[in-house]
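All remarks here apply to the structure that follows.
The values are calculated or read from the model by the stated rules, or taken from the named source; none is laboratory data. All values reported here derive from a predicted model rather than from experimental measurement. Backbone-built Cβ (ideal geometry, glycine too); neighbour counts: all protein chains shown.
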Amino acid sequence: MEKTFRIIDEDGIHARPATALVNTANKFKSAESFAEAKGKKVTLKSILGVLSLGLEKGDSITLSATGEGEADVIKALTDVMVNEGLGEVQ
Amino acid sequence: MIKIEGIAASAGVAIAPAFKLEHPDFTVQQRSVSDVAAEVAKLNAALDQSKAELEAIKERTLQELGAKKAEIFEAHLLILNDPELISPVEDMIRNDMVNAEYALNETANQFISMFENMKSAYLQERAADMKDVTKRILIHLLGLNYVNPAEISEEVVVIAEDLTPSDTAQLNRKYVKGFTTNIGGRTSHSAIMARSLEIPAVVGTKEVLAKVNSGDLVIVDGLDGKVIINPTDELVAEYRSKQEKYQLQIEEWKKLRDKASVSADGVHVELAANIGTPNDVAGVLDNGGEGVGLYRTEFLYMGRDKLPTEEIQFNAYKTVLEKMEGKPVVVRTLDIGGDKELPYLDLPKEMNPFLGFRAVRLCLERTDIFRTQLRALLRASVYGNLRIMFPMIATLDEFRQAKALLFEEKEKLVAEGIEVSNEIQLGIMVEIPSTAIIADQFAKEVDFFSIGTNDLIQYTMAADRMNERVSYLYQPYNPAILRLVKMVIDAAHKEGRWVGMCGEMAGDSTAIPLLLGLGLDEFSMSATSILPARSQISKLSKAAMTELAAKALAMQTAAEVVELVNSIEA
């Protein structure tokens, strides 16, 4: 399962929302989740990975999940994206 | 017991155990290891210790400073747990059979350079977080003894080579009772910060760091510029009573808080305060300040990773103006460059930063930055008595350009239907000799002058005030400086303008009689100097000081001037 967002935060994905995304991904022990952007795919369980995407305002990012409860994972991640004012669903 | 002399930088007496603030050596050597399992275990132990530390810091920050300030430690904790960092380090230990600190350092450096090469200035700054986390782990791997100043949690006197702005910003006033440094003078950054935090400080001791061990009992006498290490019980008792006496004197001064600043023969002058942030306003009012003579706006730009927005600035200016309840507030526009850097502006290093691209010079080129600040100021102007001052003006043309930009922004705001005060006074800092020399011409175009003595003295004497070897040339009482000050005051008064002074000299008890005599209208100083200055001025006759100043102007050396002033005080 996956969902694509466009970054709307002025600062791109910065430390606070990245922290929230990783903390959320870590809550789901039996699912793997990933972020893909600019041709690079990283695990969402790594804050360095997420920051390494170097996402800025206007960039697209695709979040995906596989494993147990993957729909719940995507829903939780979507909440973070929207509540943090980080991105909007494309 | 050891006694050391230094420069009294901030008044008061502190008695507490020493805390040595030293930045340790993080050099990492590559070593081969045979027992890789033990090396991985060592890594994990260091990670666990670092996590426990960060959890504690996060908790404390959460309680003392709130959730927002604690967020960064949450991110640091995630880095410590990050599989993208930890797995490569473990792999490297196992595959290359190298020591843990080397593997960590190599891996971390890859992330650091990745961040440093990113396009966004924000992400470039994350390299600093990565470095911070790496250092925390290395401290445990290398067995270093280091406590971050922000983590001090008992009463101490901080001992350091020098304190950087970020060190000082982290000091917790509750626990840091005083500090003393090897280098610096009365006008160095750390000294100015100490006065605004009201922490006793002695700077420029040259050797205190080498002479003291952490935990030694230390007396910092910020009144007379003395540091005593491991004092005798008698001496501790003596200084306790000095501490109490000083406390009583402060109580005496407090009685002058709501009185006007009037000389013995009835002449009123204005005593104002220098501030750096809206938080400093409480101290100004507590100390009976009649205004803010210098609001240094650069602190709004420092300690963050991008330019402050118009809204952030507007809120800060509005807060200061409102809290001052109609008393005048002189806001100095951005004075960055020189020794005050902003990493996110990415300005090239200069050979002579004090003579370089700084303050209004930068603002007139980076008009985007300047216009944002001017708009924020203009919008805030309706909330109090705002006066705007441009720093580092060297030519009339610079003033006219800055003024034109201000008026353009004002017109735009008015066109947008936003209310702007029509009573804003517009002035300049006089800190470059060329401006002092043609003050008569400036006086026709500005509403006021504020003499910035720290820079005026160093530019006139051609001596870097931070350079210990030429610091003897930093001579506020040199007749050359006094004559320049007189030229500026006379030129302004001829055109009916007022003159203030916002350098350290304005609050100096030796300079005050001379400045009163030269006709200075406004004295702006550290808030804590206001009441002593008011007390001093109330005992001086303006008429007598005018004669004194005339004599001083005719003297040949600074030493003669000091002697002259001391003779009247006796």
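One table, with the values for the structure above:
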| item | result |
| --- | --- |
| Residue in the stretch B:21-36 that is more than 23 Å from B:Glu151 (Cβ to Cβ) and within 14 Å of chain A (Cβ to nearest Cβ) present | no |
| Matching entry among B:Glu408, B:Glu416, B:Glu431 (being farther than 24 Å from B:Gly519 by Cα and out of contact with any Lys or Arg (no Cβ under 9 Å at 6 or more places or on another chain)) | B:Glu416 |
| All positions within the stretch B:52-103 that are farther than 16 Å from B:Lys135 by Cα, among the polar types (S, T, N, Q) and within 10 Å of chain A (Cβ to nearest Cβ) | B:Ser87 |
| Test: residue in the stretch A:7-17 that is more than 23 Å from B:Ala67 (Cα to Cα) and either assigned to a helix (DSSP H, G or I) or more than 9 Å from every other protein chain (Cβ to nearest Cβ) (or both) | yes |
| Residue list for the stretch B:1-45, restricted to those being among the β-branched types (Val, Ile, Thr) and over 15 Å from B:Val89 (Cα atoms) | B:Ile2, B:Ile4, B:Ile7, B:Val13, B:Ile15, B:Thr27 |
| Test: B:Pro308 is within 14 Å of chain A (Cβ to nearest Cβ) and within 30 Å of A:Ala15 (Cα to Cα) | yes |
| Subset of the stretch B:507-521 that is modelled with pLDDT of 95 or more and among the small types (Gly, Ala, Ser) - its residue that is nearest to B:Phe449 (Cα to Cα) | B:Gly519 |
| The stretch B:253-281, residues that are in a helix (DSSP H, G or I) and in contact with a helix residue (DSSP H, G or I) (Cβ under 8 Å, 6 or more places away or on another chain) | B:Trp253, B:Lys254, B:Pro278, B:Asp280, B:Val281 |
| Unmet criterion (only one of (1) modelled with pLDDT of 90 or more; (2) away from chain B (no Cβ under 11 Å)) for A:Val89 | (1) |
| Those residues of the stretch A:45-58 which are assigned to a loop (DSSP other than H, G, I, E, B) and within 11 Å of another protein chain (Cβ to nearest Cβ), in sequence order | A:Lys45, A:Ser46, A:Leu53, A:Gly54, A:Leu55, A:Glu56, A:Lys57 |
| For B:Val499: the one exception among (1) under 15 Å from B:Ala273 (Cβ atoms); (2) in a strand (DSSP E or B) | (1) |
| Single match in B:Val470, B:Val565, B:Val499 (criterion: under 30 Å from B:Asp162 (Cα atoms) and β-branched (Val, Ile, Thr)) | B:Val470 |
| Subset of the stretch B:547-570 (residues that are surrounded by 14 or more Cβ atoms within 10 Å (Cβ to Cβ), part of a helix (DSSP H, G or I) and either hydrophobic (A, V, I, L, M, F, W, C) or in contact with a Gly (Cβ under 7 Å, 6 or more places away or on another chain) (or both)) | B:Leu548, B:Ala549, B:Ala552, B:Leu553, B:Ala558, B:Val561, B:Val562, B:Leu564, B:Val565 |
